[in-house]
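No lab work stands behind these numbers, since they all come straight from the coordinates. If you're wondering where the values come from, they're calculated on a predicted model, not measured in any experiment. Here the Cβ positions follow ideal geometry from the backbone for every residue, glycine too, while neighbour counts run over all protein chains shown.
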Amino acid sequence: MTVLVFGKTGQVARELAHYSDVRCLDRAEADLSKPAQCGRIIRRLKPAAVINAAAYTDVDGAEQDEVLATVINGDAPAAMALACAQMGVPFVQISTDYVFDGAGSTGFAPDHKTCPLGAYGRSKRVGERGVVAAGGTYAILRTAWVFSRYGTNFLKTMLRLSETREQLSIVNDQIGGPTPAVALAEACHAMAGGLASGSGRVGIYHFSGTPEVSWADFAAEIFAQSGRQVTTTGIPSQEYPTPAKRPLNSRLNCDSLQEQFGILRPDWRAGLDQLCADIEVI
């Protein structure tokens with residue numbers, strides 16, 4: 001089975017590239033700002049399954065460039081899903097907790113009403129709706145707080161800051177489940193295989209790490225495991241203003257993913273431990 005992956009340099013795509021049956025496409029090969037091109041690539045290459053691991057991920061930048069974010073995060077996945085539906089090819093789309101408003105303190109179920117707080121979440125919701133409307137064999141996998149040795153993410157930011165800072169103020173009223181990119185890639189690959197074999201069920205699913213923590217707690221664990229002597233102070237979100245409003249509650253109910261695909265939530269602390277053991281490459 002050949003799995004075609006849109007994306008090559010992002011966190012999840014870099015992990016997917018380790019699978020022998022995966023072919024990753026970079027921006028030069030597949031430009032998501034040109035959705036029709038993405039559909040044509042799928043029709044030409046005729047893969048056994050497709051995973052979209054590419055996206056416009058600049059949450060704050062999307063506030064100023066929502067049109068482009070919507071083309072990349074909305075129109076392009078819809079075009080991919082339509083091509084896959086026409087060819088009978090399974091399609092896995094990665095989405096985000098930002099489609100929710102972050103209200104409450106319990107995990108959002110996949111069927112919970114979406115209500116994005118900002119442009120990034122709205123653009124991803126357009127993509128979700130386009131994938132569903134295509135009517136093919138699909139799985140939308142919402143996730144949160146992805147981290148790895150690659151790209152730009154909270155783990156790497158904290159390690160970089162620890163090189164010059166002994167004290168940091170970190171938001172402590174946003175709660176979520178940090179997700180190792182390697183585990184997310186494994187889940188996407190397994191779902192693509194499950195859909196292709198008929199053992200998986202079409203629908204929207206959630207996947208994030210456990211246990212749920214605040215950004216401040218996540219930072220403290222990063223410094224503890226990496227041996228960095230940094231003191232953290234928790235602060236409310238209002239003391240760290242950003243162009244895009246972040247959801248306070250990023251908890252995701254992942255039960256249906258285990259029920260339908262047998263995929264368990266990863267303990268992010270174990271994933272962090274594996275990265276910190278090889279800290280020089282971060």
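The range 69-116 to the range 213-282: how many Å between their Cα centroids?
Each part reduced to its Cα centre gives a spacing of 22 Å.
Could you give the C-alpha radius of gyration of the chain expressed as a fraction of 2.2 N^0.38 Å, taking N as the number of residues it contains?
That ratio works out to 0.97.
Please report the relative contact order for the chain, taking Cα pairs under 8 Å with a sequence separation of at least 6, and give it as a percent rounded to a whole number.
Once divided by the residue count of the chain, the mean separation gives 21 percent.
Out of the range 1-58, which trypsin sites (Lys or Arg not before Pro) are coil in DSSP terms and have no more than 16 other C-beta atoms within 10 Å?
Answer by residue number: ARG27.
Applying a 10 Å radius around every beta-carbon, put 219-226, 118-125 in order of their mean neighbour count, most first.
The peptides rank, most packed first, as 118-125, 219-226.
Under 5 Å between amide H atoms, partner at least 5 residues away or on a different chain: which partners does TYR138 have, H built in plane at 1.01 Å?
Counting only residues 5 or more places away or on other chains, the set is PHE91, GLY203.
Quick one: putting +1 on the C-beta of Lys and Arg, -1 on the C-beta of Asp and Glu, what dipole do you get for the range 1-148 around its Cα centre, in Debye to the nearest 20?
580
For VAL22, enumerate residues with amide H under 5 Å from its amide H, sequence gap 5+ or separate chain, H modeled in the peptide plane.
Those lying under 5 Å, H to H, from VAL22 are VAL3.
Measure up LYS8/LYS34; LYS34/LYS156; LYS8/LYS245; LYS46/LYS156; LYS34/LYS245 against 26 Å on the Cα-Cα distance and list the ones that go over.
LYS34/LYS156; LYS8/LYS245; LYS46/LYS156; LYS34/LYS245
Please give the residues of the range 196-236, grouped as numeric ranges, whose backbone N is less than 12 Å from a label point set 7 Å along the Cα-to-Cβ vector of ALA48.
Flagged as within label range: 196-198.
With a cut-off of at most 15 other beta carbons within 10 Å, and DSSP calling the residue loop, which GluC sites (Glu not before Pro) in the range 110-216 qualify? Please list them. List each step's numbers first, then the result.
Numbers: sites: GLU128, GLU163, GLU166, GLU186, GLU212; in loops: GLU163, GLU166, GLU212.
Taking the range 110-216 and a limit of 15 other Cβ atoms within 10 Å, the loop GluC sites (Glu not before Pro) found are GLU163, GLU166.
Would you mind calculating the gained length between ASN253 and ALA277 on full extension (0.36 nm times residue separation, minus the Cα-Cα distance), in nm to one decimal?
Answer, rounded to one decimal: 5.6 nm.
Using +1 at the C-beta of Lys and Arg and -1 at the C-beta of Asp and Glu, which of ALA79, ALA55, THR9 has the Cα lying farthest in the positive direction of the dipole of the range 1-97?
Positive-most Cα among the choices belongs to ALA79.
Please order CYS276, CYS84 by the number of other Cβ within 10 Å, starting at the fewest.
CYS276, CYS84
Under 5 Å between amide hydrogens, which residues at least 5 positions from ALA109 or on another chain qualify, with H placed 1.01 Å from N in the peptide plane?
ASN253
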